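*Asks:* One structure, pasted below without further comment.
The values are calculated or read from the model by the stated rules, or taken from the named source; none is laboratory data. Because the structure is a prediction, the values reported are computed rather than measured. Every residue, glycine among them, receives a Cβ derived from its backbone with ideal geometry; neighbour counts consider all protein chains shown. Calculation scope for accessible area: heavy atoms of the full protein, side chains included, ligands and nucleic acids excluded. Shrake-Rupley method; radii C 1.70, N 1.55, O 1.52, S 1.80 Å.
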Amino acid sequence: MTHVTDVTTQTVGTDAGDARITWHPARNARLVLAVGHGAGGGIEARDLTALAAALPGHGVTVALVEQPWRVAGKKVAPAPKTLDTGWRGVWPALTGPGLPVISGGRSAGARVACRTAAELGAHAVLALSFPLHPPGRPEKSRAAELLGAGVPTLVVQGGNDPFGRPAEFPEGGFELVEVAYGDHGFAVPKRAGLTQERALEIITGAVREWVVSLG
């Protein structure tokens, strides 16, 4: 179910430069889901736009966060420490509505959410396409970031994600939902047994059910 909302944008100054929040408000919101983008793209990613369309109709305000480097028009993401600084800087605006905030992101944004969740007081973490390791380099594991989030965590991972397939993830205090055949951007090949639309429905449905389970 999609839900047409009064979308607004907000520029927020941070120690890493100006960030931007695009708000997709729910009418009777009980939670805010704040989601950051990856290092190779922006908030137009298919999974982020699908969540922004689907969740406000279920009481979840979605805040799509653009990191300062992206707002400034730069092509390459800065170091992880700088990404964390940008995320910390937008947090007061995200908590402004006075609701619990789920800290989320895709790829590099998921790492930021995991690294900062405990210190910022996030209600939970949503990790979309968590980059468990660089492609072809499983020994360079980032599992410690995921396992160290310290709050309820949902990982949504493509079955063919070269940054970490679901079977590669360690046991730990998080839930994992697989999008069969999906790559790092949740694109599914035409030969797959599900459509692109269905793949996105799996993502939005899983996130919706998980949010309900958080109470």
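*Asks:* How much area per residue is accessible in the chain when the probe is 1.4 Å and only protein heavy atoms are counted (Å²)? Write down the numbers at each step before the final one.
*Replies:* Numbers: 9490 Å² over 215 residues.
I get 44 Å² per residue for this part.
*Asks:* Now for a different question. Compute the Cα gyration tensor for region 1-63, then decide on rounded, prolate or oblate, letting a ≥ b ≥ c be the square roots of its eigenvalues: rounded whenever a/c is under 1.5, prolate when a/b is larger than b/c in the other cases, and oblate in all that remain. List each step's numbers first, then the result.
*Replies:* Working: a/c = 2.36, a/b = 1.49, b/c = 1.59.
The shape class here is oblate.
*Asks:* Of the heavy-atom accessible surface of region 62-215 (probe 1.4 angstrom), what whole percent is carbon and sulfur?
*Replies:* Using a 1.4 Å probe with all protein chains present, region 62-215 comes out at 54 percent carbon and sulfur.
*Asks:* HN-Hα J couplings of region 10-17 from phi, Karplus 6.51/-1.76/1.60, θ = phi - 60°, integer Hz, Gly and Pro as x?
*Replies:* 9, 8, 10, x, 10, 5, 9, x
*Asks:* If you don't mind, there's one more thing I want to ask. Please state the shape class of region 99-206: rounded when a/c is under 1.5, otherwise prolate if a/b exceeds b/c and oblate if not, all from the C-alpha gyration tensor.
*Replies:* Since a/c reaches 1.5 but b/c is at least a/b, the shape of region 99-206 is classed as oblate.
*Asks:* For every helix of n ≥ 4 consecutive DSSP H residues, a contribution of -39,500 (n - 2.57) applies; sum these over the chain, divide by its total residues, and give [θ] at 222 nm rounded to the nearest 500 deg cm²/dmol.
*Replies:* -9000 deg cm²/dmol
*Asks:* Enumerate the residues in region 115-142 having an amide nitrogen under 20 Å from the point lying 7 Å beyond the Cα of Arg165 toward its Cβ.
*Replies:* Correct set: 128-142.
*Asks:* Further, regarding this structure: So what is the relative contact order for region 26-116, in percent, with contacts set as C-alpha pairs under 8 Å and at least six apart?
*Replies:* Computed over region 26-116, the figure is 42 percent.
*Asks:* Which one of Asn28, Thr61, Gly38 has its Cα pushed farthest toward the positive end of the charge dipole of region 20-81, where Lys and Arg give +1 and Asp and Glu give -1 at the Cβ?
*Replies:* Gly38
*Asks:* In terms of the Cα gyration tensor, with a ≥ b ≥ c the square roots of its eigenvalues, is the chain rounded because a/c is under 1.5, prolate because a/b exceeds b/c, or oblate?
*Replies:* rounded
*Asks:* Kindly list the residues of region 47-91 that lie in the label zone of Thr11, defined by a backbone N under 12 Å from the point 7 Å along the Cα-to-C-beta vector.
*Replies:* From region 47-91, the list is 71-72.
*Asks:* Using only the heavy atoms of the protein chains and a 1.4 Å probe, how would Ile21, Ile202 rank by accessible area, largest first?
*Replies:* Putting Ile21, Ile202 in descending order of accessible area: Ile202, Ile21.
*Asks:* If amide H atoms are built 1.01 Å from N in the plane of the peptide, which residues on other chains or at least 5 residues away come under 5 Å of the amide H of Leu33?
*Replies:* Amide H neighbours of Leu33: Thr61, Val62, Ala63, Ile102.
*Asks:* How large is ³J(HN,Hα) for each residue in region 60-65, as worked out from phi by the Karplus curve 6.51 cos²θ - 1.76 cosθ + 1.60 (θ = phi - 60°), to whole Hz, x for Gly and Pro?
*Replies:* 10, 6, 9, 10, 8, 10
*Asks:* Among Pro97, Phe174, His123, which residue has its Cα positioned farthest towards the positive end of the charge dipole of the chain, with +1 placed on the Cβ of Lys and Arg, -1 on the Cβ of Asp and Glu, and the dipole taken about the Cα centre?
*Replies:* Going by the Cα projections, it comes out as Pro97.
*Asks:* Another question, if that's okay. What ³J(HN,Hα) values, in whole Hz, does the Karplus curve 6.51 cos²θ - 1.76 cosθ + 1.60 give for region 169-179 when θ = phi - 60°, with x put for Gly and Pro?
*Replies:* 6, x, 5, x, x, 9, 9, 10, 10, 9, 9
*Asks:* If amide H atoms are built 1.01 Å from N in the plane of the peptide, which residues on other chains or at least 5 residues away come under 5 Å of the amide H of Gly158?
*Replies:* Under 5 Å from the amide H of Gly158: Ser129, Val179.
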